[in-house]
Amino acid sequence: MNQPEQQQIDHWVNNAHYQIERAWRLNREGFHKKHKVPLQSVYLCVASDYASLARAKFLNGDPIKEVRSEFANATRHVMKCFAMAYDEKDPDFQGENTDMSCVSEAIGIEGMNWALMSADFKLAKQLAACYRTRPDGYMLTLDTNRYTHALALTMQGRQKEALPLLVAQFEDYKKSPPKSAGDKNYCTLILALYGIVAKDQECFDAGLELQLKLYQRYAKGEVSDTDEEFICDHAVALSILGQHNRMRVKIAYDTLPRGLLLK
């Protein structure tokens, strides 16, 4: 496994702790309200910090129970963000002031990845049930939206409802093959998820391998020298979801650490 230097790991752990404490200290002091920073954004930033802490603790060799606990913390902060948008009973319900960018497909996928990486399937099911297409109908792209819904449905054990979304996207890919980096990324995820839903080991393996190969450029570029360089959340999450659905994870890759998977 490609391993960062211990000094770098220590920095990531300490920085994550610092950023989490700082976010809530500033919030208590009224900084966010004064500068009109949406509370949802605060929760999302803290969620990301908890996910970073989880990765760093794993790379540090900390007990897997502690690592998964931090991923669960990240998940709960994403759930809170969705509750503020959609749950009128939530004390921080935002109503017409909701920042809909904070409940996009990308946010939903991140949260569901972290929920799966926590290996708490009850929590994962709860978060998956929170996701919906924005009330105004806006979506990032159709393939992203379909993948997000299909992932959420699969996490809830509703594979029969997820399958038509994946098949419909494959039909669209036949008409217009993915060209952009973003479309190619979702194509790999959809292929792996289809493998889980359809119990097709070959598609599951192919999707994971393509995702991990595609991730290499991102790992050595945009997220180089961060904890994300060493762990591909998409691949880990889908691997765990596959294991939970009695699929085998055959792919070996540095950014798919076996220690994060189910035993």
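Report yes if ALA72 is crowded, with 22+ Cβ neighbours inside 10 Å, assigned by TED's automatic domain parsing to the domain that holds MET112 and touching a Ser or Thr at 6+ places or on another chain (Cβ under 6 Å), otherwise no. Walk me through how you get there before you give the answer.
On the way: crowded, with 22+ Cβ neighbours inside 10 Å: no; assigned by TED's automatic domain parsing to the domain that holds MET112: yes; touching a Ser or Thr at 6+ places or on another chain (Cβ under 6 Å): yes.
Here the answer is no, as ALA72 does not meet what is asked.
Could you tell me whether segment 74-86 includes any residue that is modelled with pLDDT of 95 or more, within 16 Å of the chain's Cα centre (by Cα) and outside any helix (DSSP H, G or I)? Steps first, please.
Looking only at segment 74-86, we keep the residues that are modelled with pLDDT of 95 or more, and these are 74-86.
In the following step, the residues that additionally are within 16 Å of the chain's Cα centre (by Cα) were identified as 74-82.
Okay, now just the ones that are also outside any helix (DSSP H, G or I), so none.
Checked segment 74-86: no residue is modelled with pLDDT of 95 or more, within 16 Å of the chain's Cα centre (by Cα) and outside any helix (DSSP H, G or I).
Across segment 239-263, what is the total count of residues that are touching a Phe, Trp or Tyr at 6+ places or on another chain (Cβ under 8 Å) and of a type outside the set (Ser, Thr, Tyr)? Before you say what the answer is, go through the steps one by one.
Here is the first cut: in segment 239-263, the residues touching a Phe, Trp or Tyr at 6+ places or on another chain (Cβ under 8 Å) are 242, 244, 247, 254-255, 257, 259-260.
Still in the running and of a type outside the set (Ser, Thr, Tyr): 242, 244, 247, 254, 257, 259-260.
Total satisfying the criteria: 7.
Take segment 160-184 and flag every residue that is in contact with a helix residue (DSSP H, G or I) (Cβ under 7 Å, 6 or more places away or on another chain) and in contact (Cβ under 8 Å) with a residue 40 or more places away in the chain.
Within segment 160-184, just ASP183 meets the criteria.
Which ones in segment 24-47 are touching a residue at least 60 places away in the same chain (Cβ under 8 Å) and either touching a Gly at 6+ places or on another chain (Cβ under 9 Å) or part of a helix (DSSP H, G or I) (or both)?
Within segment 24-47, the first condition is being touching a residue at least 60 places away in the same chain (Cβ under 8 Å), and the residues that meet it are 38, 40-41, 44, 47.
Passing the criteria: GLN40, SER41, LEU44, ALA47.
Determine if segment 123-135 includes at least one residue that is touching a residue at least 12 places away in the same chain (Cβ under 8 Å), of a type in the set (Val, Ile, Thr) and farther than 20 Å from THR188 by Cα.
Within segment 123-135, one or more residues are touching a residue at least 12 places away in the same chain (Cβ under 8 Å), of a type in the set (Val, Ile, Thr) and farther than 20 Å from THR188 by Cα.
With the checklist (1) modelled with pLDDT of 95 or more; (2) under 24 Å from LYS250 (Cα atoms) in hand, flag the one item ARG217 doesn't pass.
Among (1) modelled with pLDDT of 95 or more; (2) under 24 Å from LYS250 (Cα atoms), ARG217 violates only (1).
Check whether at least one residue in segment 131-143 is in contact with a Gly (Cβ under 6 Å, 6 or more places away or on another chain), part of a loop (DSSP other than H, G, I, E, B), crowded, with 18+ Cβ neighbours inside 10 Å and at pLDDT 95 or above, and report yes or no. Lay out the reasoning, then the answer.
Residues of segment 131-143 that are in contact with a Gly (Cβ under 6 Å, 6 or more places away or on another chain), as a first pass: 131.
Now drop any that are not part of a loop (DSSP other than H, G, I, E, B), which leaves 131.
Next cut, crowded, with 18+ Cβ neighbours inside 10 Å only: 131.
Filter once more, so that each one left must be at pLDDT 95 or above: 131.
Yes, some residue in segment 131-143 is in contact with a Gly (Cβ under 6 Å, 6 or more places away or on another chain), part of a loop (DSSP other than H, G, I, E, B), crowded, with 18+ Cβ neighbours inside 10 Å and at pLDDT 95 or above.
Filter segment 204-228 down to residues that are surrounded by 22 or more Cβ atoms within 10 Å (Cβ to Cβ) and closer than 20 Å to SER48 by Cα, then give me how many there are.
Summing the residues that are surrounded by 22 or more Cβ atoms within 10 Å (Cβ to Cβ) and closer than 20 Å to SER48 by Cα in segment 204-228 gives 2.
In segment 92-122, what residues are of a type in the set (D, E, K, R), assigned to a helix (DSSP H, G or I) and free of Cβ contacts under 8 Å to residues at least 60 places away in the same chain? Working first, answer last.
Within segment 92-122, the subset of a type in the set (D, E, K, R) is 92, 96, 99, 105, 110, 120, 122.
Of the ones still in play, those that are also assigned to a helix (DSSP H, G or I) are 96, 105, 110, 122.
Matches in segment 92-122: GLU96, GLU105, LYS122.
Checking the structure you have, find out if any residue of segment 118-127 is over 19 Å from ALA162 (Cβ atoms) and aliphatic (A, V, I, L, M).
Within segment 118-127 (the criterion being over 19 Å from ALA162 (Cβ atoms) and aliphatic (A, V, I, L, M)), the answer is yes, since at least one residue qualifies.
Could you please find all residues in segment 23-58 being closer than 23 Å to VAL223 by Cα and charged (D, E, K, R)?
Pass one, segment 23-58, residues closer than 23 Å to VAL223 by Cα: 23, 41-58.
Matches in segment 23-58: ASP49, ARG55, LYS57.
The values are calculated or read from the model by the stated rules, or taken from the named source; none is laboratory data. Computed from a predicted structure; not experimentally measured. Cβ sites come from the backbone with ideal geometry, for glycine too, and all protein chains shown count toward neighbours.
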